[in-house]
Amino acid sequence: MKLKFGRRAFIVAATAIGLAGPVTAGGHQVLESIHFLIPGGAGGGWDGTARGTGEALTQAGLVGSASYENMSGGGGGKAIGYLIENADSQHGTLMVNSTPIVIRSLTGVFPHNFRDLTLVAGTIGDYAAIVVGADSDINTMADLVAAYDSDPSGTAIGGGSVPGGMDHLVAAMVMEAAGKDALNVKYIPYDAGGKAMAALLSGEIKALSTGFSEAVALAQAGEVNIIGVTSDERVAAMESAMTMKEQGIDTSFVNWRGFFAAPGLPADKLAMYQDAITKMYETPEWEAVRARNGWVNIHNSGDDFMTFLESQEKVIGDLMKKLGFL
């Protein structure tokens, strides 16, 4: 099974920038502060995207300071509801989100969807990965499939999203592409990627479905092994990690990440945020963050973001129906 989006189709992360009046420095627009609302716990892909974006913006001098707020709950729904319900006081906040905002509205995990928010921009794509502990006897996707064949219920795959969420969907998609019944895969959900990674390292689960960028640093440190990546070609941030396709599993996937603002955000403030994000791409500080995480640069704003999200809603909805999640 293949879920592949064209290069302009990935969209993700922008930024939450404070509302002090802009000044210029070194030809760049600078805002006094930036605040990110992160719908999950520390250590997950949302957390890394927000903090990496804030790092680049502040170190490049585009904003003076960045702050971060983790608000877990409801598969991301708590943060979305908070942003909507407190819209008038949240014009200085941008919320990071990704594919789950589409998935979870389709499954009814929360009542809101991307149309209820102000769409700011998309900035990156992050491939998915299947990861095992460094001391695991599973070293390849073939080993994982063999373990599953031998003991399906004892070969649990964990993830940092709710059942039917993105990590679950990726695990199911990969196993189905390997010739297995996706609905029989034992999936264990955790609140964000950090807790899921801890479960892997403690032996609670056999493998982890996660974002490639969430696993790179631990893999480089020798704590985990990435046994399969959902990219078409190996990713430069860790070229030793084999793609699914190299191992005979014909599937590819990239998770967009982006930022949303409260509904009713004034047009001039929206334009200010989008301008800062555009300038960010031109900086070496952003390139350092992007390369370190193995992200794909994909930048779309405003109406282009909406067009993509509506397209993805249909593609993912069709896939989830095929897999029995809807």
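Things worth noting here:
- Per the listing Asn300, Asn293, Asn255, the residue uniquely more than 30 Å from Ala182 (Cβ to Cβ) and not small (Gly, Ala, Ser) is Asn300.
- Helices (runs of 4 or more DSSP H) within region 91-199 that include 3 or more residues assigned by TED's automatic domain parsing to the domain that holds Gly43 and surrounded by 20 or more Cβ atoms within 10 Å (Cβ to Cβ): 100-106
- Test: residue in region 291-305 that is farther than 30 Å from Ile138 by Cα, of a type in the set (D, E, K, R) and not assigned by TED's automatic domain parsing to the domain that holds Val145: yes
Table: residues versus (1) at pLDDT 95 or above; (2) within 28 Å of Ala146 (Cα to Cα); (3) polar (S, T, N, Q).
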| residue | (1), (2), (3) |
| --- | --- |
| Glu214 | no, yes, no |
| Ala221 | no, yes, no |
| Glu246 | yes, yes, no |
| Ala262 | yes, no, no |
| Tyr273 | no, no, no |
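- In region 276-326, the residue that is farthest from Val120 (Cα to Cα) out of those that are aromatic (Phe, Trp, Tyr) and assigned to a loop (DSSP other than H, G, I, E, B) is Phe325.
- Condition met for Thr210 (touching a residue at least 12 places away in the same chain (Cβ under 8 Å), part of a strand (DSSP E or B) and among the hydroxyl-bearing types (Ser, Thr, Tyr)): yes
- With respect to being in contact with a Pro (Cβ under 7 Å, 6 or more places away or on another chain), in contact (Cβ under 8 Å) with a residue 12 or more places away in the chain and not basic (Lys, Arg), Gly133 falls outside the description.
- Cβ-Cβ under 7 Å pairs, at least 6 apart or on other chains, region 173-186 side over 16 Å from Leu319 (Cα atoms), far side assigned to a helix (DSSP H, G or I) and of a type in the set (S, T, N, Q): Lys186/Ser153
- Selected residue [out of contact with any Leu (no Cβ under 9 Å at 6 or more places or on another chain) and at pLDDT below 90] from Gly77, Gly21, Gly54: Gly77
- Check on Gly81, assigned to a helix (DSSP H, G or I), surrounded by fewer than 19 Cβ atoms within 10 Å (Cβ to Cβ) and free of Cβ contacts under 8 Å to residues at least 60 places away in the same chain: yes
- Residue in region 223-236 that is over 25 Å from Pro39 (Cα atoms), among the hydrophobic types (A, V, I, L, M, F, W, C) and assigned to a loop (DSSP other than H, G, I, E, B) present: yes
The values are calculated or read from the model by the stated rules, or taken from the named source; none is laboratory data. Everything numeric in this text was worked out from a predicted model, so none of it was measured. Methodologically, a virtual Cβ is constructed for each residue, glycine included, from the backbone with ideal geometry; neighbour enumeration extends over all protein chains shown.
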